[in-house]
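Worksheet: one structure, shown below.
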Amino acid sequence: REQEAKVVGMDKNDYKDVWVYIELAEGQPRNVSLELLGEGRKLADAMGQKLAAVLIGGKVEGVAKDLFANGADQVYLIEAPELAHYTTDGYTAVVTDLINNYKPSVILLGATNDGRDLGPRVACRVGTGLTADCTDLGIDEATGLVAWTRPAFGGNIMATILCPEHRPQMGTVRPSVFKKPVPDATKTGEIIRVESVAKAEDIRTKLIEVIKVCTGSCNLEEAEIIISGGRGMGKPENFSLVEDLANVLGGSVGASRAVVEAGWKPHMHQVGQTGKTVGPKIYIAAGISGAIQHVAGMSSSDVVIAINKDPDAPIFRMADFGIVGDVCEVLPLLTEEFKKI
Ligand code: FAD
């Protein structure tokens, strides 16, 4: 009822500007936050509004200049010792308070673990909806609203969703679907300092230790080089050939859904429509046919190299370089050659 009352009393004209929630990893903005600044800039320009970044942490003011360089006009800066690490309670309280006071029209968050935790909770608190896991953004010409596109019905259709009745319009967006903007270090902006409303005693979780279960080889979304294996690898043991090449190149290991469904690799390695969306500088597809659902997750890679024994495999149609051959022969040769560099 409290939520309904908020919606009934809402004047949509009070809401303006596009916000991007900035997620930090070891003190630096994650790639997805910069990608969203680039995309947020386009939305803000199309709507004739400002682009603001929401920057929360212990001592993070130094990050603001990067956010201006990547397109933000303003940075809402909330610093407090108890905000040094992400917590559901603390960050929800801060972002909810910020929205209630400053009333943004649009909020973009990365579809990461934190973004998926924070976004829906905040949306509920401020009485609006949220489109999760978007793969495209635009402006709906008829209404001027943000058009949020995301896979629906198990990835079988792409749905475009509008949020006509509520504000802010909120959504989480998958990492790597957009390119990072080219930074302009001369660009500056306004820092708006906001007092934190998060009280230490209200934060019910405490960070004791960070244990990395996913090191370089499965950090696909931030990877610059990815080597992915498909069913053509033949058997799970052969995946060591993919891993060897990844080690030599300092890359991450991806997989097709066929491989994940066969239990050769966990889902965290899956690239594609129902896996991760990636945008590395180099993507090597080994023994992958190039089904449309796989390509949906890697088509924004800068350079694609395909290895397949079938010269007519669909992956060759979108690859920049192709090697027709057996993965079990080609991968060790590549690994040996790259070792020499
Ligand atoms: P295959 O299609 O079996 O291809 C294997 C390839 O390896 C062939 O081209 C073959 O020529 C080649 N090959 C075989 N042996 C060798 C060898 N020794 N050396 C070199 N090449 C060899 N798929 C995804 O990957 N990601 C997704 O997120 C995803 N989501 C989906 C969502 C939906 C709703 C649906 C319906 C499907 C989805 N799929 C997804 C599945 C997709 O349609 C394909 O079935 C899958 O990508 C096939 O995986 P693959 O290329 O490894 O296997």
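A few comments on the model shown:
- Note on segment 329-341: among residues that are outside any loop (DSSP other than H, G, I, E, B) and over 14 Å from residue 232 (Cα atoms), the one that is least open to solvent (accessible area, probe 1.4 Å) is 335.
- Residue 279 satisfies every condition listed in (1) within 13 Å of the ligand (Cβ to nearest atom); (2) under 30 Å from residue 29 (Cα atoms); (3) open to solvent by less than 50 Å² (accessible area, probe 1.4 Å); (4) out of contact with any strand residue (DSSP E or B) (no Cβ under 8 Å at 6 or more places or on another chain) except (1).
- Selected residue (criterion: farthest from the ligand (Cβ to nearest atom)) from residues of segment 284-294 that are under 22 Å from the mean Cα position of the chain (by Cα) and surrounded by fewer than 21 Cβ atoms within 10 Å (Cβ to Cβ): 292
- Some residue of segment 70-87 being touching an Asp or Glu at 6+ places or on another chain (Cβ under 8 Å) and assigned to a helix (DSSP H, G or I): no
- Some residue of segment 203-214 being out of contact with any Lys or Arg (no Cβ under 8 Å at 6 or more places or on another chain) and within 13 Å of the ligand (Cβ to nearest atom): no
- Selection status of residue 300, more than 13 Å from the ligand (Cβ to nearest atom), polar (S, T, N, Q), surrounded by fewer than 23 Cβ atoms within 10 Å (Cβ to Cβ) and modelled with pLDDT under 95: yes
- Which listed residue is without any contact (Cβ under 8 Å) to a residue 40 or more places away in the chain, within 14 Å of residue 327 (Cβ to Cβ) and out of contact with any Ser or Thr (no Cβ under 6 Å at 6 or more places or on another chain), from 306, 262: 306
- For the condition of a type outside the set (Asp, Glu), surrounded by fewer than 24 Cβ atoms within 10 Å (Cβ to Cβ), under 25 Å from residue 312 (Cβ atoms) and near the ligand (Cβ under 10 Å from one of its atoms), residue 258 qualifies.
- Residue in segment 63-70 that is among the aromatic types (Phe, Trp, Tyr), out of contact with any Cys (no Cβ under 8 Å at 6 or more places or on another chain), under 27 Å from residue 162 (Cα atoms) and modelled with pLDDT of 95 or more present: no
- Top-ranked residue of segment 229-255 - restricted to ones that are under 28 Å from the mean Cα position of the chain (by Cα) and near the ligand (Cβ under 7 Å from one of its atoms), ranked as surrounded by the most Cβ atoms within 10 Å (Cβ to Cβ): 230
- A single entry from 183, 175 fulfils the requirement of being part of a loop (DSSP other than H, G, I, E, B), under 18 Å from the mean Cα position of the chain (by Cα) and touching a residue at least 40 places away in the same chain (Cβ under 8 Å): 175.
- Top-ranked residue of segment 309-328 - restricted to ones that are touching a residue at least 24 places away in the same chain (Cβ under 8 Å) and more than 9 Å from the ligand (Cβ to nearest atom), ranked as surrounded by the fewest Cβ atoms within 10 Å (Cβ to Cβ): 317
The values are calculated or read from the model by the stated rules, or taken from the named source; none is laboratory data. Just so you know, these numbers come straight off a predicted model, no measurement behind them. All Cβ positions, even for glycine, are placed from backbone atoms using ideal geometry, and neighbour counts span all protein chains on display. Heads up: the accessible areas ignore ligands, DNA and RNA and are worked out on the full protein's heavy atoms, side chains in. Shrake-Rupley method; radii C 1.70, N 1.55, O 1.52, S 1.80 Å.
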